[in-house]
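See structure below.
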Amino acid sequence: MEEEKTQDILILAVESSCDETAASVVKNGQEVLSNVISSQIELHTLYGGVVPEIASRKHIERINQVIEEALSKAGVTLDEITAIAVTYGPGLVGALLVGVSAAKAISFAADKPLIGVHHIEGHISANYIENKTLEPPFACLVVSGGHTHLVAVKDYGEYEILGYTRDDAAGEAFDKVARAIGLGYPGGPKIDKISREGNPDAIHFPRAKVDGANYDFSFSGLKSAVLNYLNTCQMKGIEINKADVAASFQKAVVDVLVEHSLSAVKEYHFEKFAIAGGVASNSALRTAFETACQKQKIAFYYPSPIFCTDNAAMIGVAGYYEYRKGTRSGFDLNAVPNLRLGER
């Protein structure tokens, strides 16, 4: 008897948790057929950060066009799609609602299964796109403007949070410090760039530890230390070297992220470690992890920059594994702005 051909699983994914309106078509969990991102960075730069109401309105304007473009670029029709995946949390509630509403409408009209995806699960899953051999278990550090999570990836869709930030996320600290030294928004790429001209050992900024929680993070004190340094320099008439401040601040963040992560990898006996999220594209962070992992003989993985920032391809990959597990969402799926990883 002729062997039955396995049917391809095509996931149409939608992401609108912050200020990127994104849609993607992902085939069999690893092949990205299209990845369309409509960014609002230029608009929010005028305000020095993301304005939630403006973000929501822009999502409404762009969502249908972005989804249509993703299908067109993938060369597939809605009839050929297997399921619809959408980010339903965490994120800005108004922004999330736009994507969730669009996905539910398409799911209903096309009679396709609906799958709600956790945003952080999406970031972790971005590593599967280019690293075809990467499989759980492994540890993953998710660092972005809204999140700093150290996660044990036990299996596809099965996670344990080992550590998280108690206050500012790493990316949020980058944005605030960049604004304080006059670099503007978004802070991460700007600090990364100017730091290459500075001395990372010029100024010693604190490396915070959380009592009783070895793998938790705190960046609020570091941010305050930078602001105090800048104020002291201004009061004393000392010239501020922006590159040195940026490089020294960045080194303080990187040192903490690397130390906590590699300690967890060692304690939990992981042989593989990955990073994800917008800050994962930071060149100093990648270099530091490459060096540390090489020293400890740990396999190190990271996505390309396009898959580090918010995108729908990562949601499509996560959606694929959730689909394979049998996860299905009802039409009562709602935006959950403070959704914890592992919750449903």
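Structure above, values below:
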| item | result |
| --- | --- |
| Residue ranges of helices (runs of 4 or more DSSP H) in the stretch 119-196 with at least 2 members farther than 28 Å from residue 29 by Cβ, touching a helix residue (DSSP H, G or I) at 6+ places or on another chain (Cβ under 6 Å) and β-branched (Val, Ile, Thr) | 187-195 |
| Close pairs from the stretch 121-134: first on the phi < 0 side of the Ramachandran plot, partner polar (S, T, N, Q), Cβ under 8 Å, at least 6 apart | 122/87; 123/144; 126/311; 128/30; 129/30; 130/304; 132/30; 134/127 |
| Per-region count, the stretch 241-257, residues under 17 Å from residue 164 (Cα atoms) and more than 24 Å from the chain's Cα centre (by Cα) | 0 |
| Failed criterion for residue 318 (all others in (1) over 18 Å from residue 164 (Cα atoms); (2) at pLDDT below 95; (3) of a type outside the set (Ser, Thr, Tyr) hold) | (2) |
| Verdict on residue 24 being touching a residue at least 24 places away in the same chain (Cβ under 8 Å) and farther than 29 Å from residue 302 by Cα | no |
| Some residue of the stretch 8-17 being under 16 Å from residue 71 (Cβ atoms) and acidic (Asp, Glu) | yes |
| Candidates 182, 188, 163, filtered to the one that is buried (at least 20 other Cβ atoms within 10 Å of the Cβ) and either more than 25 Å from residue 20 (Cβ to Cβ) or at pLDDT 95 or above (or both) | 163 |
| Pairs with Cβ under 7 Å, 6+ apart, first in the stretch 209-226 and among the β-branched types (Val, Ile, Thr), second modelled with pLDDT of 85 or more and in a loop (DSSP other than H, G, I, E, B) | 210/166; 210/216; 210/218; 226/205 |
| Pair list, Cβ < 8 Å and 6+ apart or interchain, from the stretch 266-280 residues that are within 9 Å of residue 298 (Cα to Cα) to residues that are among the polar types (S, T, N, Q) | 273/261 |
| Residue check, residue 275 of a type in the set (A, V, I, L, M, F, W, C), surrounded by 24 or more Cβ atoms within 10 Å (Cβ to Cβ), under 22 Å from the mean Cα position of the chain (by Cα) and farther than 30 Å from residue 179 by Cα | no |
| Among residues of the stretch 67-97, those that are surrounded by fewer than 24 Cβ atoms within 10 Å (Cβ to Cβ) and assigned to a helix (DSSP H, G or I), counted | 12 |
| Breaking point among (1) crowded, with 21+ Cβ neighbours inside 10 Å; (2) under 21 Å from residue 277 (Cα atoms), for residue 157 | (1) |
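The values are calculated or read from the model by the stated rules, or taken from the named source; none is laboratory data. Since the structure is predicted, the reported quantities are computational estimates derived from the model, not experimental observations. Virtual Cβ from ideal backbone geometry, glycine too; neighbours counted across all protein chains shown.
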